[in-house]
Amino acid sequence: CIDVRATPHGSEFVYANAANGPLFVFTPSKQFQEFYEAGPLLGVDDAEIRESESVRLEPGQLLLIATDGLIEQSDENRERFESKISSVSFEPSDSANDFVSRVITRFEDFRGAQPVRDDITLIAVRLKRKTEQT
């Protein structure tokens, strides 16, 4: 569950994790950031739920939410795509759709002939700069 809130200086998000992978924040021409909040598996009765910290999202940044099938996919050398996600470039002119297309292309090139091992869902939220059209 992810809650993205508008603030006077951008946005912030808070999320609860049910044993899924991390979230990724990409900034044009900079290193991406990974955020992980540990959480119990869905359906666990006796679990400790912790308060999540909010993370600031600056105008121009992109939040990538993905199921674990993306990062856990392996190639013919048994390397996981998790090690390659940081190499996907995010350009200042990219829309969320442009970036998702680039991730999917990189993913397909990475896995080669290996079958897709798990479901893959990607959601990208790009925070527009004040000067951009809606």
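Figures for the structure shown
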quantity	calculated
Subset tally (residues that are in a loop (DSSP other than H, G, I, E, B) and closer than 13 Å to GLN114 by Cα) for the range 65-93	6
Single match in ILE123, ILE104 (criterion: closer than 19 Å to GLU12 by Cα, at pLDDT 90 or above and surrounded by fewer than 19 Cβ atoms within 10 Å (Cβ to Cβ))	ILE123
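The values are calculated or read from the model by the stated rules, or taken from the named source; none is laboratory data. On a predicted model such as this, the values are computed, not experimentally measured, just so you know. So basically every Cβ, Gly included, is an ideal-geometry build from the backbone, and we count neighbours across all protein chains shown.
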